[in-house]
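Colleague: This is the structure I have questions about; it appears just below.
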Ligand code: RP5
Ligand code: MG
Ligand code: MG
């Protein structure tokens, strides 16, 4: 697989921690690199949080790696990861230039889910727009602008303890793209009832490691990305989008090969395009 790009250069996000510069050929752990001395960093915001692990050397912390450990899913989609002699799980892709957990709560895999909600781009009388060069219909997806990095992204989020992935997908979409958290109970109920069915029919487009800028040598993001398609533009297409929670903006974004998104989200979007035979 492609080695990670977005988590091995420059400053670690929201910090003044510089990553140890790792050349492409030095990324795999199998390549000997005795000079490699990354800084160990765990962001202050992570420490003591209920959603976060304790320090590895804390005697009450007894994680069971590579298993679902008392509701915490410590299994990786990439297969069994290695735990080093000091008890730290190792990033399955390789070196990132920083040790510790950084901004991530869990040592090892941190599981997320990404809802890719799509529709066909239409003109003002409702005719689907076809690209003149590829002669394929143009797809749009609901993109959010992340508060942390300002980059546009799929409105994904972390899978809560014991939460079904199908629940995370719909919940994160409602929170980030429909401002669910700021609604009253009646509006929440109306909204949920109108999209519940829609969110039962998703196609899995990606499952695995995410090239997330927050990844470290000992903690990394993994996701399940599912596509939910509004063929007639009459389910999500007729709702008013409103950014909420960790999203600063939201919009229907036209999809083509020029899109530049957070982490490796463009890769998940491309897989969606291929599956729907849309313009790229
Ligand atoms: C990415 O971070 C995932 O693909 C998902 O989109 C997101 C989850 O983290 P938060 O949005 O909760 O920060 O790696
Ligand atoms: Mg969220
Ligand atoms: Mg999010």
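Colleague: Compute the separation of the alpha-carbon centres of the range 216-238 and the range 123-202 and state it in Å as a whole number.
Modeller: Taking the Cα centre of the range 123-202 as reference, the centre of the range 216-238 is 7 Å away.
Colleague: Computed FRET efficiency, Cβ-Cβ of residue 189 and residue 233, R0 22 Å: what is it to the nearest 0.05?
Modeller: With R0 = 22 Å, the Cβ-Cβ based efficiency is 0.40.
Colleague: By DSSP, what percent of the beta bridges with both residues in the chain are antiparallel, rounded to the nearest 5?
Modeller: Counting only bridges with both partners in the chain, antiparallel ones make up about 65 percent.
Colleague: Restricting to DSSP H runs of at least four residues, report the calculated mean residue ellipticity at 222 nm for the chain, -39500 (n - 2.57) per run over all residues, nearest 500 deg cm²/dmol.
Modeller: Calculated mean residue ellipticity at 222 nm is -4000 deg cm²/dmol.
Colleague: Moving on to the next point. Quick check on the range 1-121: take the gyration tensor over C-alpha atoms, sort the square-rooted eigenvalues as a ≥ b ≥ c, and tell me if it's rounded (a/c under 1.5), prolate or oblate.
Modeller: Since a/c stays below 1.5, the shape of the range 1-121 is classed as rounded.
Colleague: Tell me, what is the FRET efficiency for residue 30 and residue 256 to the nearest 0.05, using R0 = 41 angstrom and their Cβ-Cβ distance as r?
Modeller: The pair residue 30/residue 256 has a calculated efficiency of 0.65.
Colleague: Just need the relative contact order of the chain here, percent rounded to a whole number, with Cα pairs under 8 Å and 6+ apart.
Modeller: Value for the chain: 23 percent.
Colleague: Right, next: Got the relative contact order for the range 43-114 handy, in percent, Cα pairs under 8 Å and 6 or more residues apart?
Modeller: Rounded, it is 33 percent for the range 43-114.
Colleague: Can you bin the range 106-239 into rounded, prolate or oblate? Criterion: square roots of the alpha carbon gyration tensor eigenvalues sorted a ≥ b ≥ c, rounded for a/c under 1.5, prolate for a/b above b/c, oblate for the rest.
Modeller: Note, shape of the range 106-239 comes out oblate.
Colleague: For labels at residue 200 and residue 69 in the simple 7 Å Cα→Cβ model, what's the distance in nm?
Modeller: If labels sit at residue 200 and residue 69, their model points lie 3.7 nm apart.
Each value in this text was obtained by applying a stated rule to the coordinates, not by laboratory testing. In this text the structure is predicted, and so the values were computed from the model without any measurement. Note that we place each Cβ from the backbone using ideal geometry, even for glycine, and neighbour counts take in every protein chain shown.
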